[in-house]
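Below you'll find the structure, written out as structure tokens, and then a few comments.
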Amino acid sequence: SQKIEQNSEALNIQEGKTATLTCNYTNYSPAYLQWYRQDPGRGPVFLLLIRENEKEKRKERLKVTFDTTLKQSLFHITASQPADSATYLCALGTRGNNRLAFGKGNQVVVIP
Amino acid sequence: EPEVTQTPSHQVTQMGQEVILRCVPISNHLYFYWYRQILGQKVEFLVSFYNNEISEKSEIFDDQFSVERPDGSNFTLKIRSTKLEDSAMYFCASRFSQGGYQPQHFGDGTRLSIL
């Protein structure tokens, strides 16, 4: 069956350090992958999109990698700040259909 | 920055009643979506809509659900006869185009509580 897995344990990290989150998938052939941020009671906020033929994407303090051989994406927040505390969602899109398939999300807590 | 807006933010309804959730997508977007998120669970796709018709729907989107774009700006989700298990956050999303894999942008959702 198709699965998108993100770590269920919250990541507690000291301010200024780099947070690294993992998204693993099985039985998918994604054409692209997106990362979203979600705060409690709010909708997902788009952060980055990476295509299957791209290895890495950056935006300010954020970096995403995509390895279609390992079936894995890594999401990095460098120089983390308390305002980065949120749940981060991985979402896969496939060619030929419109839906996004989400992982359950990984909570990040940045400690001042 | 343009955003997707949803109303109401919270809807409380008796089981068996009909509800309509409303969304105003970003104005130049062409593709529209509904997702739901049951408390503590992942975001799940319900339906996508393009050119005034459903382009894809999930197994969750049964005959009790319908979508409509009644005018040039609103996009609605109707649940005809609500069940307890319909309690969830419902998110509307929109996307500019399919080409180039444009991201979907989400609203802040409607919390639907069925009593």
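The values are calculated or read from the model by the stated rules, or taken from the named source; none is laboratory data. All of these numbers come straight from a predicted model, not from anything done at the bench. Cβ sites come from the backbone with ideal geometry, for glycine too, and all protein chains shown count toward neighbours. Surface areas here come from the heavy atoms of the whole protein model, side chains and all, with no ligands, DNA or RNA. Shrake-Rupley method; radii C 1.70, N 1.55, O 1.52, S 1.80 Å.
The single condition from (1) among the β-branched types (V, I, T); (2) surrounded by 18 or more Cβ atoms within 10 Å (Cβ to Cβ); (3) more than 14 Å from the chain's Cα centre (by Cα) that B:T13 fails is (2).
Scanning the range A:75-88 for residues that are closer than 11 Å to A:T20 by Cα and touching an Asp or Glu at 6+ places or on another chain (Cβ under 8 Å), we see that the one that is nearest to the other protein chains (Cβ to nearest Cβ) is A:I77. Does A:Q38 count as within 14 Å of chain B (Cβ to nearest Cβ) and at pLDDT below 95? Taking the combined requirement at face value, the residue does not satisfy it. Across the range B:16-39, the qualifying residues are those that are open to solvent by less than 60 Å² (accessible area, probe 1.4 Å) and in a loop (DSSP other than H, G, I, E, B), and the one among them that is farthest from the other protein chains (Cβ to nearest Cβ) is B:G16.
Regarding B:S87, is this residue in contact (Cβ under 8 Å) with a residue 40 or more places away in the chain, closer than 29 Å to A:Q107 by Cβ and open to solvent by 20 Å² or more (accessible area, probe 1.4 Å)? Considered against the rule, which asks whether it is in contact (Cβ under 8 Å) with a residue 40 or more places away in the chain, closer than 29 Å to A:Q107 by Cβ and open to solvent by 20 Å² or more (accessible area, probe 1.4 Å), B:S87 comes out as yes.
Would you confirm whether or not the range A:89-97 contains a residue that is within 11 Å of another protein chain (Cβ to nearest Cβ), assigned to a strand (DSSP E or B) and open to solvent by 60 Å² or more (accessible area, probe 1.4 Å)? No, the range A:89-97 contains no residue that is within 11 Å of another protein chain (Cβ to nearest Cβ), assigned to a strand (DSSP E or B) and open to solvent by 60 Å² or more (accessible area, probe 1.4 Å).
The numbered conditions (1) under 30 Å from A:Q6 (Cα atoms); (2) open to solvent by 60 Å² or more (accessible area, probe 1.4 Å) are all true for B:F45 except (2). Look at (1) open to solvent by 30 Å² or more (accessible area, probe 1.4 Å); (2) away from every other protein chain (no Cβ under 11 Å); (3) part of a loop (DSSP other than H, G, I, E, B) and you find that B:E3 fails only one, number (2). Of the strands (runs of 3 or more DSSP E) contained entirely in the range B:51-115, those carrying at least 3 residues that are more than 12 Å from chain A (Cβ to nearest Cβ) fall at B:65-68, B:75-79, B:110-114.
Name the residues in the range A:102-112 that are within 7 Å of another protein chain (Cβ to nearest Cβ) and part of a strand (DSSP E or B), would you? The answer is A:F102, and nothing else.
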